[in-house]
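Here is the structure we will look at.
Rule-based calculations on the coordinates, nothing more; no lab input. Keep in mind that what you see is a predicted model, and the values were worked out from it rather than measured. With ideal geometry, Cβ positions are generated from the backbone for all residues, glycine too; neighbour counts draw on all protein chains shown.
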Amino acid sequence: MASLIVGNWKMYATSIADANILATSIRNYVSHFENTDIVLCPPAMWLIEIRNIIRKGSKISLGAQNVFYEKDGAYTGEISPLMLKDIADYVIVGHSERREYFGETNLDVNEKVIAVLKAGLKPIICVGEKKKNNSASQPYKELKEALEGVPKKYLKDIVVAYEPVWAIGTGENADPEYVARVLTKLRELESRNTMMLYGGSVKSKNIKGYAKRPEINGVLVGGASVRVSEFEKICRSFEEEKAVIFNED
Ligand code: PGA
């Protein structure tokens with residue numbers, strides 16, 4: 001199974017020039033990667049610009065950071081899955097910042113997941129507990145509710161990102177062994193081919209610990225994904241470490 005690294009630019013890269021430089025550097029850097037696919041999720045404003053930079057067929061795909069679940073209508077400020085489907089491949093759904101600052105519920109997340117899949121896009125579903133509690137029960141419940149009514153045939157198109165909220169943007173990343181245990185629990189709800197990621201303060205100095213775990217198929221990187229050399233180091237370390245594990249098998 002290939003690996004997947006998602007760069008969530010959040011509301012950074014505030015000028016088109018910054019977005020352009022970031023995407024161009026990353027595209028050139030990862031072009032020789034063999035086993036790691038990269039997804040860049042810029043702010044919606046830059047999606048078309050970045051699509052033109054990364055080109056279809058390269059190692060990089062494009063993701064949106066959010067979407068609404070209706071196809072069209074009087075929903076000022078929203079973006080429909082139909083608008084995204086010819087531009088992007090992935091959509092982040094249920095990020096904790098959306099849940100916290102924009103009141104997204106598990107039901108909203110579920111409706112978005114279904115709408116995204118029906119449009120032929122791949123949802124990157126984010127789940128995670130707010131406080132450190134050594135239990136997979138909250139992410140498990142969030143994922144179960146996110147997948148309510150999703151036909152089994154779609155499970156292969158889903159990406160799950162376990163992102164404990166206490167680890168996001170805090171510099172306190174979760175222990176890889178613990179992450180592996182949570183992902184094993186979450187996989188009960190998924191198919192064998194579902195990509196399972198970790199996110200939360202991923203940096204070049206802690207990336208190897210995640211790459212070493214076979215249960216972890218990739219990472220979702222926030223703050224560090226808009227720092228070119230840091231993101232490149234993360235991608236390279238992950239690619240190299242997974243290749244070692246692959247060759248040992
Ligand atoms: P972080 O964010 O890497 O800055 O902790 C991760 C995320 O929000 O997805």
Identity of the residue in the range 199-222, among the small types (G, A, S) and farther than 20 Å from V244 by Cα, that ends up nearest to the ligand (Cβ to nearest atom)
G222
Write out, first by first residue and then by second, each pair whose Cβ atoms fall under 8 Å of each other, whose residues are 6+ apart or on separate chains, and whose first residue, in the range 209-222, is of a type in the set (D, E, K, R) while the second is assigned to a strand (DSSP E or B).
E215/M196
Out of the residues in the range 47-77 meeting the condition of being free of Cβ contacts under 8 Å to residues at least 60 places away in the same chain and in contact with a Phe, Trp or Tyr (Cβ under 8 Å, 6 or more places away or on another chain), tell me which one is nearest to E163 (Cα to Cα).
Q65
Of V219, V202, which residue is surrounded by 23 or more Cβ atoms within 10 Å (Cβ to Cβ), part of a loop (DSSP other than H, G, I, E, B) and under 17 Å from the mean Cα position of the chain (by Cα)?
V202
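Quick check on my filter: what residues within the range 160-169 are of a type in the set (V, I, T) and near the ligand (Cβ under 7 Å from one of its atoms)? So that I can check it myself, show each step before the final result.
The first filter runs over the range 160-169 and keeps only residues of a type in the set (V, I, T), leaving 160, 165, 168.
Selection gives I168 alone.
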Considering only the range 118-130, I want to know if a residue exists there that is among the β-branched types (V, I, T), in contact (Cβ under 8 Å) with a residue 40 or more places away in the chain and within 16 Å of the ligand (Cβ to nearest atom).
yes
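Here's the yes/no breakdown for (1) crowded, with 16+ Cβ neighbours inside 10 Å; (2) not aliphatic (A, V, I, L, M):
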residue	(1), (2)
L22	yes, no
D37	yes, yes
P42	yes, yes
N52	no, yes
A64	yes, no
E70	no, yes
T76	no, yes
Among (1) assigned to a loop (DSSP other than H, G, I, E, B); (2) more than 21 Å from L197 (Cβ to Cβ) - the single one E49 does not satisfy:
(1)
Output yes when any residue across the range 175-198 is of a type in the set (F, W, Y), in contact (Cβ under 8 Å) with a residue 60 or more places away in the chain and within 13 Å of the ligand (Cβ to nearest atom), and no when none is.
no
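Select from the range 78-94 the residues that are touching a Phe, Trp or Tyr at 6+ places or on another chain (Cβ under 9 Å) and of a type outside the set (A, V, I, L, M, F, W, C) and write down the one among them that is farthest from the ligand (Cβ to nearest atom).
Among those residues, the one meeting the criterion is S80.
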